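Remarks on the structure that follows.
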Amino acid sequence: MSLLRRIPRSAPFSFRSNSQPYLADNAQAAPRAKIRLQTLLEYHSSKTPIVALTAHDYTSGYAADMGGVDIVLVGDSLAMVALGMDSTTELTLNDMIHHAKAVSRAVKSAFLVGDLPFGTYENTPTQALHSAIRMIREGRVEAVKIEGGSEMAPAVQKITSVGIPVLGHIGMMPQRQTSMGGFRAESILVNAKSLQEAGCFGIVLEAIPGNIAKLVTDALVIPTIGIGAGVGCSGQILVQLDMLGSYHKLAPKFVKQWGQVGEISKNCISSYCQEVRKRVFPGPEHTYSIKPEELDLFKNKLVNQ
Ligand SMILES: Nc1nc(=O)c2c([nH]1)NC[C@@H]1CN(c3ccc(C(=O)N[C@@H](CCC(=O)O)C(=O)O)cc3)CN21
Ligand SMILES: CC(C)C(=O)C(=O)O
Ligand SMILES: [Mg+2]
């Protein structure tokens, strides 16, 4: 059976697939068709780069979907960027489901994937399956992502056997606090092929040399989504707050900032503070009015109290 045939397309239960194309806010805009798993595989075979971005709540999900990405990932990086935790390993499955539900309320077109948090899938394939089912049923995502190489192949097989698509994640795996120091080129290829064989529909390659990522991409039939892995991957993903310049703590070398949203937000808030303190805000245009006769009535009541 061809490797691509191992990838679940029509799960026995329905995902959130809404067959109607989703109308953008202004109905005149051309509706953006729902991105399905098949769409992503077609992009890959036609060498159309796949665009992915993380989201951690309703508003960031809305921004990513309206911005036109193909994949929205509810990444466990939300532990750090949304919850201020020191690492992703503190995040629980209940935390992740809470955020995934919020993102799913906004994302109508992009293909929605959710990270399985650290400690919710590594013990046994059955544990991985139970966590994946909770993410689909409660988190309302369409696929899950797990970190790890060939040691995760049984978990990938178990999850995909019930029709849940799985995205792999190798290279620098944040949940394992590994760094480039632990990097071995040959293990990347072995792990990638093992995940493909197990049924992953794609693999995130994180923080590995671009020329290695290109060779690995060319050696696979499923798409690779790179983060810090160079332009030779089938697609790219970044943490949304990083690329918006909105997260003040971490800016890995591979992040490009398309704006300075954090700075803009800070400046807007300090102007708001100044205007309230100078009683410039609220102005008349931000204030409800009352008919003069009603005002007089109110004043009379005050006087006669
Ligand atoms: N805001 C944010 N962005 C991310 O991309 C991200 C998170 N948080 N949290 C979870 C993981 C952690 N990530 C990280 C964290 C640090 C580096 C880092 O410092 N990289 C170094 C080189 C890596 C090395 O040589 O060990 C760099 O200079 O980019 C990279 C990715 C990616 N993920
Ligand atoms: C960095 C991306 C791929 C991720 O796993 C996350 O944001 O949690
Ligand atoms: Mg993650």
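The values are calculated or read from the model by the stated rules, or taken from the named source; none is laboratory data. Treat the numbers as computed from the prediction; the structure is a model and nothing was measured. As a convention, Cβ positions derive from the backbone with ideal geometry for all residues, glycine included, and neighbour counts pool all protein chains shown. For accessibility, only protein heavy atoms count, side chains too; no ligands or nucleic acids. Shrake-Rupley method; radii C 1.70, N 1.55, O 1.52, S 1.80 Å.
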Which one, 37, 250, 238, has the greatest fluctuation when you compute a Gaussian network model over the chain with C-alpha springs under 10 angstrom? 250
Give me the percent relative contact order of the range 166-248, please, defined on Cα pairs under 8 angstrom at least 6 residues apart. 26 percent
State to the nearest 20 debye the size of the charge dipole of the chain about its Cα centre, where the only charges are +1 on K and R beta carbons and -1 on D and E beta carbons. 380 debye
Give me the percent of DSSP beta bridges within the chain that run antiparallel, rounded to the nearest 5. 5 percent
With springs only between Cα atoms under 10 Å, which of 240, 127, 274 fluctuates most in a Gaussian network model of the chain? 274
How far is it, in nm, from the label point at residue 83 to the one at residue 123 when both lie 7 Å from their Cα along the line to the Cβ? 1.8 nm
In debye to the nearest 20, the charge dipole size for the range 184-305, taken about the Cα centre with +1 at each Lys and Arg Cβ and -1 at each Asp and Glu Cβ, equals 420 debye
To the nearest 0.05, what FRET efficiency results for residue 32 and residue 294 with a Förster distance of 41 Å applied to their C-beta separation? 0.25
What is the spin-label model distance, in nm, from residue 130 to residue 187 if the labels are put 7 Å beyond Cα along the C-beta direction? 2.9 nm
Helix-derived [θ] at 222 nm for the chain: sum -39500 (n - 2.57) over DSSP H runs of at least 4, divide by residue count, nearest 500? -11000 deg cm²/dmol
Estimated distance in nm for a label pair at residue 47 and residue 90, the labels positioned 7 Å out from Cα along Cα-to-Cβ: 4.6 nm
May I ask you to rank 279, 140, 105 by accessible area, largest first, using a 1.4 Å probe over the protein chains only? 279, 105, 140
Quick check: at a probe of 1.4 Å, how many percent of the accessible area of the chain sits on carbon and sulfur atoms? 58 percent
Mean projected area (nm²) from the convex hull of Cα positions in the chain is 22.0 nm²
Quick one: accessible area per residue over the chain, 1.4 Å probe, rounded to a whole number of Å²? 52 Å²
Lys/Arg +1, Asp/Glu -1 at C-beta; the range 265-304 dipole; positive extreme among 271, 287, 298: 271
Between 185, 7, 33, whose Cα lies farthest towards the positive end of the dipole of the chain when Lys and Arg beta carbons carry +1 and Asp and Glu beta carbons carry -1, centred on the Cα centre? 33
Under Karplus coefficients 6.51, -1.76 and 1.60, residue-wise ³J(HN,Hα) of the range 58-70 in Hz, glycine/proline x: 4, 5, 6, x, 5, 4, 5, 5, 5, x, x, 6, 8
